1. What is the helix-to-structure angle for 151-161, meaning the angle in degrees between its Cα long axis and the longest Cα principal axis of the chain, kept from 0 to 90 and rounded to the nearest 10?
2. Rounded to a whole number, what % of the accessible area of the chain do carbon and sulfur atoms account for, probe 1.4 Å?
3. Please give the peptides 270-281, 178-189 ranked by average Cβ packing (other Cβ atoms within 10 Å per residue), highest first, as a rough proxy for protection.
4. Only bridges with both residues in the stretch 1-136 count here: give the DSSP antiparallel percent, nearest 5.
5. Quick one: length gained pulling Ser86 to Asp62 fully straight, 0.36 nm per residue minus the C-alpha distance?
6. Expressed as a fraction of 2.2 N^0.38 Å, the rule-of-thumb size for a compact globular protein of N residues, what is the C-alpha radius of gyration of the chain?
7. Over the stretch 114-232, average the accessible area per residue using a 1.4 Å probe and give it in Å², no decimals.
8. What is the magnitude of the charge dipole of the stretch 225-278 about its Cα centre, with +1 placed on the Cβ of each Lys and Arg, -1 on the Cβ of each Asp and Glu, and no other charges, expressed in debye to the nearest 20?
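The values are calculated or read from the model by the stated rules, or taken from the named source; none is laboratory data. Not measured: the values here are computed from a predicted model. Cβ coordinates were reconstructed from backbone atoms using ideal geometry, including for glycine residues, and neighbour counts include every protein chain displayed. Keep in mind that these areas ignore ligands, DNA and RNA; they rest on the heavy atoms of the full protein, side chains included. Shrake-Rupley method; radii C 1.70, N 1.55, O 1.52, S 1.80 Å.
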Amino acid sequence: MVEKLIIIGSGPAGYTAAIYGIRDGLNPLLIRGFEVGGQLMLTSAVENFPGFSSILGPDLMDAMAKHVDSLNVRKIDKNVERVDLSSYPYKVFTDDQTFEAYSLIIASGASAKWLGLENEKRLIGKGVSGCATCDGFFFKGKDVAVIGGGDSAMEDATYLSGLAKSVTVIHRRHEFRASKIMQDRLLANPKIKVIWDSVVVDILGKDKVEGIKIKNNVDGKETSINLDGVFIAIGHEPNTAIVKGQLDLDKEGYIITKEFTKTSKPGVFAVGDVQDRKYKQAVIAAGWGSMAAIDARKFLMEKKLLD
Ligand code: NAP
């Protein structure tokens, strides 16, 4: 059996594509992956998704999953290990199954890069965050650090300066990678202090973040700083390993789309954080998911693969 549509990913983009796909008669197969729910499963309260003044990220994803279930969307909770776009119908492989499909929606998202420290992992959601716009509110009047020197770090630090008592940006070199305008804005902000040439070597605290230990890259000196929150802003990695070499990617690995959701292969659409290098918001990913399902339907109609 050849599927009309396979959707890869279970963040807001994948779930919304599934809702539109099934209602549009595409009978999609949703391959959710092992990390069901995507990045929102790692956040605390979401307060900017329309319809919910405040909802925990995992609860929001659970609501989307239930919505999809109520429509009887077929789903598989395995990782896609690879796809083969060299012949048509396209092939999708999990560890033990192979599927064929006339159209694909890649909504495999992105993963925040982390520093890789043991205590960082332990304290995620307890003062360690990868998302300032999601979690900044909880640090009102507190002392926080932002790690990184790119636009994300500038943006996060500037955003947090409107909430926190103090913001310390810690960057591993003596110059930022970020655009000049964002650097200038940050450096002119009296609530933001920058510590240059330094890396975080440990995150301190038993049940919640109480501080960090940093090491100066020039003189090797280690210092501890008392803090309530640490925002890691060292970039995101789009989850594109399964299509690398088969779809056009930009230099940072994001899938390049044209005419909204189309990739370099006909019938393959990419949406959400796997192709959105700029906004990276749940509500935007959901919108893109609906667009991809509409575009997949149009593609299948034109190919006369739909009744
Ligand atoms: P990025 O540009 O890749 O910057 C990542 C930063 O984190 C760099 O300064 C890097 O240091 C540092 N870093 C990386 N790994 C690290 C590690 N293990 N330990 C310590 N520091 C580490 O990522 P981004 O800031 O997320 O931006 C990604 C893209 O999105 C960029 O093209 C950016 O322009 C765009 N963006 C735009 C906006 C906007 O226009 N409003 C906002 C956010 C992002 P080095 O500099 O030493 O490599």
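1. 60 degrees
2. For the chain, the apolar C and S fraction of the accessible surface comes to 51 percent.
3. Numbers: 270-281: 23.1, 178-189: 14.4.
Going from most to least packed, we get 270-281, 178-189.
4. DSSP beta bridges in the stretch 1-136 are roughly 45 percent antiparallel.
5. Working: separation 24, 0.36 × 24 = 8.64 nm, distance 3.52 nm.
Roughly 5.1 nm would be gained on extension.
6. Numbers: Rg = 21.0 Å, N = 307, 2.2 N^0.38 = 19.4 Å.
With N residues counted in the chain, Rg over 2.2 N^0.38 Å equals 1.08.
7. Values: 6220 Å² over 119 residues.
For the stretch 114-232, the per-residue accessible area is 52 Å².
8. Details: 7 positive and 8 negative charges, 59 e Å.
Value, rounded to 20: 280 debye.
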